[in-house]
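Bear in mind these aren't lab numbers, they're just calculated from the coordinates by the rules spelled out. It should be emphasised that the depicted structure is a prediction, and the values quoted were computed from it without experimental measurement. Cβ sites come from the backbone with ideal geometry, for glycine too, and all protein chains shown count toward neighbours.
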Amino acid sequence: MKPKETKVTTKYQTTIPEEVRKLLGVEAGKEVEWSVVKSMVIVDVARKVKNPVKFLTSQTKLDIDAVKLVKEAREDFR
């Protein structure tokens, strides 16, 4: 997905682009969580995980070095 741009209002509000809303399953009234890691903003939606083991093992398909990611995150909080 290409980067999407939105404007920030004078009340510091912005609109979540339609493509992102659909991808994350964001609906009106649903809460999103904002995190900052190494100057990157991460937006996620709170979801109940029905099968935590299946969810965690599915994450191994991502091309992410989890150990490196944890080390970098720890450095950010020092």
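Give me the distance in nm between label points sitting 7 Å out from Cα along the Cα-to-Cβ direction at residue 20 and residue 48, one decimal.
Distance between label points: 2.7 nm.
List every residue whose amide H lies under 5 Å from the amide H of residue 45, counting only residues 5 or more places away in sequence or on a different chain, with H placed 1.01 Å from N in the peptide plane.
33
Hey, which of these cross-link pairs are over 30 Å Cα-Cα: 22/50; 2/68; 30/68; 48/71; 7/54; 30/54?
Violating the 30 Å limit, Cα to Cα: 30/68; 7/54.
Test of understanding: what is the full-extension gain from residue 65 to residue 28, defined as 0.36 nm times their sequence separation minus their Cα-Cα distance?
Length gained between residue 65 and residue 28: 9.9 nm.
Estimate the FRET efficiency between residue 72 and residue 10 by the formula 1/(1 + (r/R0)^6), using the beta-carbon distance for r and 30 Å for R0, to the nearest 0.05.
About 0.30, to the nearest 0.05.
Can you give the relative contact order of the range 18-76 as a percent, counting alpha carbon pairs under 8 Å and 6+ residues apart? It would help to have the intermediate numbers written out before the result.
Numbers: 32 pairs, mean separation 15.3, N = 59.
Result for the range 18-76 is 26 percent.
Over its Cα atoms, what ratio of radius of gyration to 2.2 N^0.38 Å does the range 18-76 give?
Compactness ratio reported: 1.33.
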